[in-house]
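Below: the structure, in structure tokens.
The values are calculated or read from the model by the stated rules, or taken from the named source; none is laboratory data. Please read these numbers as outputs of a predicted model, since none were measured by experiment. Heads up, the Cβs are rebuilt from the backbone with ideal geometry, glycines too, and the neighbour counts pull from every protein chain shown. Surface areas here come from the heavy atoms of the whole protein model, side chains and all, with no ligands, DNA or RNA. Shrake-Rupley method; radii C 1.70, N 1.55, O 1.52, S 1.80 Å.
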Amino acid sequence: MNLNLVARGHDLSHVQTVDDLAKKASQQNISTLQLALSRSFPTLASDGQAINAGMGHYMKRSLAKEGISVGILSCYINMIHPDLSVRETLLRQFERYLQYAASFGATMVATETGSVSEGGYTEKNFSDDAFAQIVEAIRRLVRAGEKHRMMVGIEPGLNHPLYSLDRVAELIATIDSDYLGIILDPTNLITSENYHQQVSLVEEAFERFGEKICGLHLKDYIVSNEGEIIPVDLGMGVIDYEAIVKIAQKYRPYLYIVLEETKDDALKQGVSILEQVTG
């Protein structure tokens, strides 16, 4: 079975224009992008006030010249920012992205949940209060997704309030909507102590809520002597990509599989590796 492989736009470097991005993606045998506007085009105004249907149509048309499409539109926000005025601005930005995502050709808008601390990591993220805050924010975003018929893709991570499969299952049970999806990045859910169980973690995720998984991030890594999980290009680390991809194929054929942190010319090699083991 052929795979539906995706590259993050900002894993292609030295990109100045949409045309540059399209050509570089095509050169790596990639036809679908996960596009974070602010990361691929940092000088382009792309906040909630700037994004518009014309921008989406222009980018969709320009990318199509090289056979490239946007599968996932990213809008990374801290949806539980401790400053409530900043939080409101960010949530409105995400709602605007949902409004205009279809003009880019995207099928979803993606984000992580963020942190209750402006400084990032805090153990307070693991509290019931932090979880209640992301539920409130995601429920609001999903309502906007329902209005605009656009899926909201939420990515869990160990340092965030959505830090475990149990919490993901709880979120899904709490917000009953076809417009809530989960973007599974199994490398964001492991430590140096349990990375050997990564494949079983993926199997469990698909068994428990596979119908809600709308994308899979395939992020290779090494484990440093200090116990850090360090991302590397696909094929250069220890991830069991073959087993993980076959699980995704089994439960969700043609699921978006994003080669996260595999950069530039390594993308073509990553595509080749996956085609060999899953063809």
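Data overview
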read-out: Any hit, the range 150-158, residues being buried (at least 23 other Cβ atoms within 10 Å of the Cβ) and part of a helix (DSSP H, G or I); value: no
read-out: Identity of the residue in the range 129-141, open to solvent by less than 10 Å² (accessible area, probe 1.4 Å) and small (Gly, Ala, Ser), that ends up farthest from Val152 (Cα to Cα); value: Ala130
read-out: Verdict on Ala110 being touching a Cys at 6+ places or on another chain (Cβ under 9 Å), modelled with pLDDT of 95 or more, under 22 Å from Tyr163 (Cα atoms) and not hydroxyl-bearing (Ser, Thr, Tyr); value: yes
read-out: Within the range 96-128, tally of residues that are of a type outside the set (S, T, N, Q), closer than 28 Å to Gly56 by Cβ and open to solvent by less than 40 Å² (accessible area, probe 1.4 Å); value: 10
read-out: In the range 124-149, the residues that are over 18 Å from Leu84 (Cβ atoms) and in contact with a Phe, Trp or Tyr (Cβ under 7 Å, 6 or more places away or on another chain); value: Phe126, Val142, Gly145, Glu146
read-out: Pair list, Cβ < 6 Å and 6+ apart or interchain, from the range 103-126 residues that are on the phi > 0 side of the Ramachandran plot to residues that are hydroxyl-bearing (Ser, Thr, Tyr); value: Gly105/Ser69
read-out: Pick from the range 1-50, criterion among the basic types (Lys, Arg) and either free of Cβ contacts under 8 Å to residues at least 40 places away in the same chain or open to solvent by 40 Å² or more (accessible area, probe 1.4 Å) (or both), ranking: farthest from Lys268 (Cα to Cα); value: Arg39
read-out: Count - residues of the range 247-279 that are open to solvent by 30 Å² or more (accessible area, probe 1.4 Å) and within 19 Å of Asn188 (Cα to Cα); value: 3
read-out: Count of residues meeting criterion [within 17 Å of the chain's Cα centre (by Cα) and of a type in the set (S, T, N, Q)] in the range 203-261; value: 0
read-out: Flag for Tyr221 being within 28 Å of Gly270 (Cβ to Cβ), touching a helix residue (DSSP H, G or I) at 6+ places or on another chain (Cβ under 7 Å), among the aromatic types (Phe, Trp, Tyr) and surrounded by 15 or more Cβ atoms within 10 Å (Cβ to Cβ); value: yes
read-out: Test: residue in the range 182-202 that is farther than 26 Å from Asn125 by Cβ and under 17 Å from the mean Cα position of the chain (by Cα); value: no
